[in-house]
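Taking it in order: structure first as structure tokens, then the write-up.
What follows draws every value from the coordinates through simple rules; no lab data is involved. None of the values given here were measured: they were computed from a predicted structure. Quick reminder, even Gly has a Cβ in these numbers, built from the backbone with ideal geometry, and neighbours come from all protein chains shown.
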Amino acid sequence: MRVVQALHWLKDTIASDSERIATALRTVLEHPDHGQSIREDLMAGLGAMPAWMRTFVRDLLDCNGTGAATGECDAKNGKVSHEA
């Protein structure tokens, strides 16, 4: 999980540079060949991430929004979704 490794390296700068970091990672997640597999890898590992990283990654994956992404992230993180 190279994204997780990169976020560990960037932990101290996320507070001051989160938008630039998020934009770069969104570009990676939208890559037509590899983006979906990276997204799935991140969702699968959400429960093992430190809390600060989990919050950042959930926002990247749109796990706090509505729609399918929310249910996918909840399921991967062992949470029960209450959405109809």
Subject >> At R0 = 35 Å, FRET efficiency that the Cβ-Cβ distance of H34 and T13 yields, to 0.05 >> reply: 0.90
Subject >> Neighbour-count ranking [beta-carbon atoms within 10 angstrom, fewest first] of L42, L10 >> reply: L10, L42
